[in-house]
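S.K.: One structure is given below, represented as structure tokens, and several questions about it will come after.
The values are calculated or read from the model by the stated rules, or taken from the named source; none is laboratory data. Small disclaimer: the values here were computed from a predicted structure and weren't measured. Neighbour counts are summed over all protein chains in view; Cβ atoms, including those assigned to glycine, are modelled from backbone coordinates with ideal geometry. What goes into the accessible areas is simple: the full protein's heavy atoms, side chains included, and nothing from ligands, DNA or RNA. Shrake-Rupley method; radii C 1.70, N 1.55, O 1.52, S 1.80 Å.
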Amino acid sequence: MLKFGEWIAKHRALILIFGVVLLIPSAMGFLKTRVNYDILSYLPKDINTMVGQDILKDEFGNGGFSLVMLEGMSDKDVAETADKIADVEHVSNVVCYQSMTGCTIPKEVLPSDIYDFFNKGDNTMMAVFFDDTTSADGTLDAVETIRDITSDQCFVSGMSAITLDMKKLTQSETLIYAVIATVLTSIVLMVTMDSFLIPLFFMLSIGFAVVWNLGTNYFLGEISFITQALAMVLQLGVTMDYSIFLWHSYKEQQNYYPDSRQDAMAHAIAATITSVVGSSFTTVAGFLAMCFMTFTLGLDLGIVMAKGVVCGVIACVTVLPAMILIFDKAISKTSHKDFLPSFRRTSGFIVKNAWIFLTAAIVVLIPALYGNSHYGVYYKLDSTLPEHLDSVIANTKLAEEYNMNSTHILMVKSDMSAKDANKMLTEIKSVDGVQFAMGFNSLVGSAVPEEVIPDDVRDVLKSGDWQIMLIGSEYEVASDEVNAQLSKLNDIAVKYDPDGMLIGEAPATKDLITITDKDFKVVNLLSIGAIFLIIAFTFRSVTLPVILVAVIELAIMINLGTAYFTGSRLSFIAPIVIGTIQLGATVDYAILMTTRYRTERRSGKDKKESVGIALSTSIKSVITSALGFFAATVGVAVYSDIGLISELCMLLARGALISMVVVITVLPSMFMVFDKVICKTSSGFLPKEEKYEYRFKNA
């Protein structure tokens, strides 16, 4: 490692130039990486809701669909609007009363439920089908065009419209996230570090790593909007420690090599690689645990963030040293005294009152456990979007005028008899919350001969092997009521067709609830297990992994449990993200203190002195790291209009502070109480003489 450090220090200008050059293809890759805004598309492809969507696209040429409401228009204007929408690229079909009848069949002749489906007072509704999936670029472009060519009396609802608005909102905010996180983190570092200028180079170095990471996402094909929005902020928060460690190591090495900045940096790089690589393992393990989710959003976020940590380590030992050496004089001129106190009295108080803090932790654990298992969870992500968005307004109007909050598509075999189809639809209409149920046979009533049904309408509802039926529900997506309704509808469908399947936002969300509940348990166990093994291997200890993981898990439970006591509901993805990221990123605080505790104990000091020194020497680093993580996330949490992003960032910000407090107070208390057990079950905690004494006594 020393030779590598010497090479970096010697070729600092070349390293910096190469790092800058890499930004060009990385920026191009970033711009060309597609962003997926449809959360439901990450569901497993083999479940019925996903299989049904593929059939819908293959058999009917329809992917996503939207319900469009027209307000106060005459039949003629509605027909003209329907024609305009039908001509939009990527619109495959438009179904409404006017398109079905060509305005030639009186409304009174149609079955009343079909008329009521399309018309409420002076409002008319039409179903618009697209030839691609809900979140495909072509579908989103079509929704944008529909909005442009129609009047203010037209409201486009549905997942595609929500996805489009989510895309616009995310694109307008993502760059601002980076600016806010950078500015706030720089302010924290200016106060907690010994130079006003060094935070600038920290941010530049991490910026290099962020761009490299985002650029290499091109090879993944696409990433989710959640990953896109969180990647920069999270990468800044979890890799900033590496830069701080390099700087402290460089300052320390200058005491040994006062006449050669290059030699001091070479040794600092060597020391940093050894420590940072080991430290990054826990963070990477936390992110990689997410890759084992069957809901593949975890795979998306896990790979990108694990890759980001690796890029952060590389930038820390290459680009950052090069910049520090090149601009060393300017950095020195902006040096200032340490603003943070020594915290010696704080350390002494904590060590002296170890039992009090440990007892307090046990007391806090009880409500934390309760809150952690009772906070509310929501799965309808658009419920947190701003009310002024076009899609939110459209969905609200649809609910108000038609008492309809979700629409399901039922797919059954096309050879089902008309008698069975009508009987099945009758049963479906009797299910609580069903506002309407319409299929091909609904259109062929006694007053409307089948021959007058236009071919394009017939093709929308019936194909060679399958036919589809539209079911409107007054229940909201992800609610207990709609999930119970879907279970009843599914029972009715399979009674008439064992291959029948329900698709749409509500059925997919119901699957999401089941899948992510299992995923959370799996990912949580994997992340804890992986980090447990890393700590066990690092310290060659049986007890330390239990203690360190337990301390951070307490912080996680307090963080998530707080949501219950504040009356907050968390998104379904929050426990998974927090459970892995807070554990992987903040367990480093505990590892830092444990390492120093082992060093002091091995040197022959007693437990009280060892724990006191470990705490007093680590507390500044822990506070600096936690405040940096807090600064990187809290600004985004306050600024973002996207409820999911705001919520996740606030949880991460709060988690950093909670982990900081727990590590500073509870961990040293556990060292004091369990010192004898730790020394007996861990390697490297006792001087050689004491080792022999223990062996002799136990012989």
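S.K.: If you average 1/r over all unlike Cα pairs in the stretch 550-638 and invert the result, what Kirkwood radius do you get in angstrom?
M.R.: 15.0 Å
S.K.: Given labels modelled 7 Å from the Cα in the Cβ direction, how far is it in nm from LYS423 to PHE327?
M.R.: Rounded to a tenth, the inter-label distance reads 7.9 nm.
S.K.: Same structure, new question: Treat every Asp and Glu Cβ in the stretch 220-343 as -1 and every Lys and Arg Cβ as +1, leave all other atoms uncharged, and give the resulting dipole magnitude about the Cα centre to the nearest 20 debye.
M.R.: Here the stretch 220-343 has a charge dipole of around 220 debye.
S.K.: Right, here's the next one. Which value, in debye to the nearest 20, gives the size of the charge dipole of the chain about its Cα centre, when Lys and Arg are +1 and Asp and Glu are -1 at the Cβ?
M.R.: 5600 debye
S.K.: Of LYS168/LYS397; LYS120/LYS413; LYS32/LYS518, which ones are farther than 23 Å apart at the Cα?
M.R.: LYS120/LYS413; LYS32/LYS518
S.K.: Angle between the Cα long axis of helix 261-289 and the longest principal axis of the chain, 0 to 90 degrees, nearest 10?
M.R.: Computed tilt is about 40 degrees.
S.K.: Sticking with this structure for a sec: If Lys and Arg each add +1 and Asp and Glu each add -1, what is the summed charge of the other residues whose beta carbon sits under 14 Å from the beta carbon of ASN559?
M.R.: -1
S.K.: Please pull out the direction-averaged projected area of the stretch 576-699, using the convex hull of its alpha-carbon atoms, in nm² to one decimal place.
M.R.: 8.4 nm²
S.K.: Gain in length, GLU387 to PHE292, computed as 0.36 nm per residue apart minus the alpha-carbon separation, to one decimal in nm?
M.R.: Value of the extension gain: 30.7 nm.
S.K.: Continuing with this model, one more query. Given a 1.4 Å probe and heavy atoms of the protein chains only, how would you sort GLU481, GLU427, largest accessible area at the top?
M.R.: In descending accessible area the options line up as GLU481, GLU427.
S.K.: Continuing with this model, one more query. Expressed in nm to one decimal, what extension gain is obtained for the pair TYR256 and LEU369 from 0.36 nm per residue of sequence separation less their Cα-Cα distance?
M.R.: 35.7 nm
S.K.: Quick one: dipole size for the stretch 283-411, taken about the Cα centre, charges +1 on Lys/Arg Cβ and -1 on Asp/Glu Cβ, in debye to the nearest 20.
M.R.: Here the size comes out at about 1000 debye.
S.K.: For the stretch 223-349, would you read off the P(r) tail past 24 Å as a percentage of all alpha carbon pairs?
M.R.: Distances greater than 24 Å cover 45 percent of the Cα pairs.
S.K.: Still on this structure: How high is the FRET efficiency between LYS397 and GLU144 when r is their beta carbon distance and R₀ equals 22 Å, given to the nearest 0.05?
M.R.: So, using R0 = 22 Å, E works out to roughly 0.70.
S.K.: One-quarter of the Cα convex hull surface for the chain, in nm²?
M.R.: 34.9 nm²
S.K.: Between PHE537 and PHE4, what is 0.36 nm times their sequence separation minus the Cα-Cα distance? Round to one decimal in nm.
M.R.: So the chain would gain 189.3 nm between PHE537 and PHE4.
S.K.: Put +1 on the Cβ of every Lys and Arg and -1 on every Asp and Glu Cβ in the chain; which of VAL363, PHE245, THR133 then has its Cα farthest towards the positive end of the dipole?
M.R.: PHE245
S.K.: Expressed as cubic angstrom per residue, what is the convex hull volume of the alpha carbon set of the stretch 491-548?
M.R.: Measuring per residue, one finds 124 Å³ for the Cα hull of the stretch 491-548.
S.K.: Starting from the Cα gyration tensor of the stretch 150-272, multiply each eigenvalue by 5, take the square root, and state the resulting semi-axes largest first in whole Å.
M.R.: Those come to 43, 16, 9 Å.
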